[in-house]
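The structure under discussion appears below in the form of structure tokens.
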Ligand code: HEM
Ligand SMILES: [Cu+2]
């Protein structure tokens, strides 16, 4: 794990307002996103966060080491 | 290692009582919040729509006044005694103000709940803003008056204890938490005077039939004279906890003690002469006065921005003490599993969002777009409903063991609880803001009218309703988790060894780095009074001059008002 489970939980929670507001931003630039598209985007985002968090750091050689929490 | 209850057993007992009273209010208030959400969206209507205001009054009063003020009275008593390292002068006096506050609340609650019960011929569906022309049963106003007097006595208790400490320590700087308690108490006296006058001089005699009528604009103005500062009565204890407890649980120190003092002095000065920003749409108040209120409001952003800076700097210091490095990498080093820390951090984050919608409210011209719409409800559920309420719930996980000697039953449930609140509020508040932008009114049992559809800027009304219902249900669930956790903790046994020492964060730059004048509370109070007189004398004078003390055509009471003297009476009203 790259970050502690607690930090992961909070990161997911904090991503939710961004996902919800992504629809507002999209509408602002003329893109009509449906609720289902937003939920799909959210699922992808949160999955990516989880994947990033649980991916062992040493499997990514050459990347600067991120701090453990 | 000593916990609070070992050091101050008598005070701990009072604080426990204030907290439990607050939690009962929170439970009932949250349940009624859920009812409102279901009612407005027509998912389920438990009461008749004609009774909706009784529900909404109970929700508003119990959460915005009872829950918050009982809790903060406990927090202030904790902060004062801990930082002075001294008990209150006479704990019987402490019980007296607590008793008066409870008595007042109970009296007001009789007509508030009476409105929902068929056999009882009393009601108080006047909402938590209770200005005319809505009228409640006299018991409601009497209860309010007693409650306010109770808070004044609480303030007197804190000042009395401070003065006793001062005699014992003539040369020391005021400890930071005590400084915060004192500045808050002073502006609370200044601002609650307005609502006390409204209740005792106008609304109570009017509800008793002693007065035939009142001047609605005057009672509104007197309410908002108090109605904005009351926001800071909730926020200052919250800020105090962010300043003195958050850095501690983050493992660090407060960035700057003098900066924190500056912030509290600014709040003392500026929080009262801004209330007219709630009346941008009131006819009868000249634009110029509204403009002054707007300017003061924008100045008020300064102490909040200073707070954001200081608190984040302190938390970063804590993270680096714990081994965090990098530009953002330090964030990972924070104690995210601790509901005390995470709850306060998420509350602070939501408060930042609230700052943005607050600026929209504060702007005179854009306010016209959102005034009295669901947007406003979305806004203050981020401020008092999250920044304050979530902070109070989070610190309960720290303070409850201190005042009971019993550890929290489950910190994991606590973590789930604070995160659920954050997510629920994200959904509910976003939908409320967006609904408001498309014109959905607040304080309405059935916001949908026949032959008319609200058209949100994008998406559909049904989606917004779903956001409110799902968000509101998550919030209710979170409140249940919180109260359940508290309840189970209380049924457990004492275990003092597992509880951290009662202490608060030290400062990187301590009080000695700040000029002495910061502690000159008399000076700041005088300036605060002057500012209030400057902003309020003319508008109140004009309102009385134009509409009469008791409204057009009202018989003069208790003094004869002539045009020319109105201003001086307005003045007297404010300073008296
Ligand atoms: C379970 C969580 C909550 C839910 C579901 C909820 C829901 C609501 C809703 C839907 C309204 C608007 C009703 C209308 O305008 O018709 C409302 C109003 C209000 N809420 Fe909440 N709320 C919750 C928690 C809180 C908290 C924690 C506070 C403050 C500490 C709070 C303070 C208020 C106030 C002051 C009003 C305005 C009442 C009025 O317009 O007179 N609420 N709430
Ligand atoms: Cu305000």
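Nothing in this text is a laboratory measurement; each read-out follows from the coordinates by a stated rule. Quantities reported herein were computed from a predicted structural model and do not represent experimental measurements. Here Cβ is always computed from backbone atoms with ideal geometry, including for glycine, and neighbour counts include all displayed protein chains.
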Open item on the list: Give me the Å³ per residue figure for the convex hull around the C-alpha atoms of chain B.
Closed with: 159
Task: Length gained when the stretch residue B:121-residue B:487 is fully extended (0.36 nm per residue, less Cα-Cα span) - done: 128.3 nm
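When a/c is below 1.5 the answer is rounded, else prolate if a/b is larger than b/c, else oblate, so apply that to the protein assembly as shown with a ≥ b ≥ c taken from the square roots of the Cα gyration tensor eigenvalues.
Details: a/c = 1.58, a/b = 1.19, b/c = 1.33.
Taking the square roots of the gyration eigenvalues as a ≥ b ≥ c, the protein assembly as shown is oblate.
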TODO: Fewest Cβ neighbours within 10 Å first, please rank B:51, B:42 accordingly.
DONE: B:42, B:51
- [ ] Per residue of B:457-467, count partner chain C-beta atoms within 10 Å of its C-beta, then hand back the mean as an integer.
- [x] 3
TODO: Give the calculated FRET efficiency between residue A:44 and residue B:167 to the nearest 0.05, with a Förster radius of 60 Å applied to their Cβ-Cβ distance.
DONE: 0.40
Open item on the list: I'd like the FRET efficiency for residue A:55 and residue B:200, computed as 1/(1 + (r/R0)^6) with the beta carbon distance as r and R0 of 60 Å, rounded to 0.05.
Closed with: 0.35
Task: residue B:371 versus residue B:50: modelled label distance in nm, points set 7 Å from Cα along the beta carbon direction - done: 3.1
Open item on the list: Could you give me D for the range B:1-66, from Stokes-Einstein at 10 °C and 1.306 mPa s, where the hydrodynamic radius is the Kirkwood radius over C-alpha pairs? Units µm² s⁻¹, please.
Closed with: 115
Task: Simple spin-label estimate for residue B:24 and residue B:512 in nanometres, 7 Å along Cα-Cβ - done: 4.8
- [ ] Multiply the residue gap between residue B:213 and residue B:302 by 0.36 nm, knock off their C-alpha separation, and tell me the result in nm, one decimal place.
- [x] 27.9 nm
- [ ] Along Cα→Cβ, 7 Å out, is where each label goes; now give me the distance between the ones at residue B:526 and residue B:449 in nm to one decimal.
- [x] 5.5
Task: Potential lengthening between residue B:503 and residue B:189 on full extension [0.36 nm per residue; Cα-Cα distance subtracted] - done: 110.2 nm
- [ ] Could you compute the FRET efficiency for residue A:18 and residue B:2, with r as their C-beta to C-beta distance and R0 at 51 Å, rounded to 0.05?
- [x] 0.70
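In peptide B:338-344, how many Cβ atoms from other protein chains are near each Cβ within 10 Å, on average?
1
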Task: Residue order, fewest to most surrounding Cβ atoms within 10 angstrom, among A:57, B:11, B:168 - done: B:168, A:57, B:11
TODO: Assuming a ≥ b ≥ c are the square roots of the Cα gyration tensor eigenvalues, decide whether the range B:390-536 counts as rounded (a/c under 1.5), prolate (otherwise, with a/b larger than b/c) or oblate.
DONE: oblate
- [ ] Can you tell me which of B:460-466, B:436-442, B:222-228, B:71-77 comes out highest on packing, and rank the rest after it, using the mean Cβ neighbours within 10 Å?
- [x] B:71-77, B:222-228, B:436-442, B:460-466
Task: Counting all C-alpha pairs of the range A:7-54, share separated by more than 16 Å (%) - done: 39
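Taking every residue in B:326-333, how many Cβ atoms of other protein chains lie within 10 Å of its Cβ, on average?
5
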